[in-house]
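Student: Sending over a structure as structure tokens; questions will come in a sec.
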Amino acid sequence: MKKIGLFIVLLCSFWCTAQLQSAEKNTVSVSGRTPVERTTALYRARVSLNMEQLYYSDPTCKSLDELKDKYFKELKIHGLDSNEFTEKQMDFLAYGYQRDGTILELETDSEEKIKSLAKVKMTGVSVQYQFKGVITKEKKEALLETALENAKQNAAGVCKVAGKKLGDIVSISDTNTQMELWNSYGNTYQEYITIYVTYKME
């Protein structure tokens, strides 16, 4: 009895495997994609004040407080309020420099403030800029529809070459594009929404 039961189980297993293999032979899997254009919602500037850079270039500036005071005066000249900056000294300490320094961070939705900040040039001060790009839920849905249409066109082209007709969707997945994303200036990478679709071939 046990042998008969085992035989039936194995037979069912072979049959299911054969069905799956048959189904796989009659499907086509493709990807579809479309470029993402984001709206800039926020700007971030990380200002590094580093006494190590002043050791030889400006020996008259002898302390971090003097450097900060000098920098804040330059900010004021360019119409910027130093109170809008958040100091993150631990971030600077993590770099492991031998001399004093600190990090000042500014987040703003004003592009003009970032442009004004970029005009402040001082020895011992370096700035990194980032911007937050966002897409709305409605925009993302529209992009997914475009990517799906692209996948359908790709699948239809494959079916035509194979002498088949394109059928219904069997499965679909996407790359889960983030709604918000911080980027650095100078990054020329083109972002895409990509989906992966499997269709029946008839």
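The values are calculated or read from the model by the stated rules, or taken from the named source; none is laboratory data. Because the structure is predicted, anything quoted here is derived from the model rather than measured. Every residue, glycine as well, gets a Cβ built from its backbone with ideal geometry; the counts of neighbours run over all protein chains shown. For the accessible areas, the whole protein counts, side chains as well, though only heavy atoms, and no ligand, DNA or RNA atoms are used. Shrake-Rupley method; radii C 1.70, N 1.55, O 1.52, S 1.80 Å.
Student: Whose amide H sits under 5 Å from the amide H of Val36, counting only residues 5 or more places off or on another chain, with H placed in the peptide plane?
Tutor: Glu191, Tyr192, Ile193
Student: Then there's this: Between Ala118 and Glu191, what length comes free when the chain is fully extended (0.36 nm per residue of separation minus the Cα-Cα distance, one decimal in nm)?
Tutor: 23.6 nm
Student: Here's something else I'd like to know. Which of the chymotrypsin sites (Phe, Trp or Tyr not before Pro) across region 71-144 are loop residues per DSSP, with 12 or fewer other Cβ within 10 Å?
Tutor: Tyr95
Student: Could you pull out every whole DSSP H run in the chain that spans at least 30 Å of Cα extent along its own axis and averages -1.0 or higher on the Kyte-Doolittle scale?
Tutor: 2-25, 137-162
Student: Work out, step by step, the length gained on full extension between Glu105 and Lys140: first 0.36 nm times the residue separation, then minus their alpha carbon distance; give nm to one decimal.
Tutor: 9.6 nm
Student: Remind me, relative contact order of region 43-121 in percent, using alpha carbon pairs under 8 angstrom and six or more residues apart?
Tutor: Here the relative contact order equals 46 percent.
Student: Enter the accessible area per residue of the chain (Å², integer; probe 1.4 Å; all protein chains in place).
Tutor: Value returned for the chain: 68 Å² of accessible area per residue.
Student: I've got another one for you. Report which label in [x] 0.93; [y] 1.31; [z] 0.97 holds the value of Rg/Rh (Cα atoms, Kirkwood Rh) derived from the coordinates of this structure.
Tutor: So the calculated entry is the one marked [y].
Student: Okay, moving on. In the chain, what percent of the accessible surface is made up of carbon and sulfur (1.4 Å probe, ligands and nucleic acids excluded)?
Tutor: 52 percent
Student: For the pairs Lys115/Lys139; Lys68/Lys113; Lys88/Lys115; Lys137/Lys160, note any where the Cα-Cα span goes beyond 27 Å.
Tutor: The answer is Lys115/Lys139; Lys137/Lys160.
Student: Next question. Please tell me the relative contact order of the chain in percent, rounded to the nearest whole number, where contacts are Cα pairs under 8 Å and at least six residues apart.
Tutor: 34 percent
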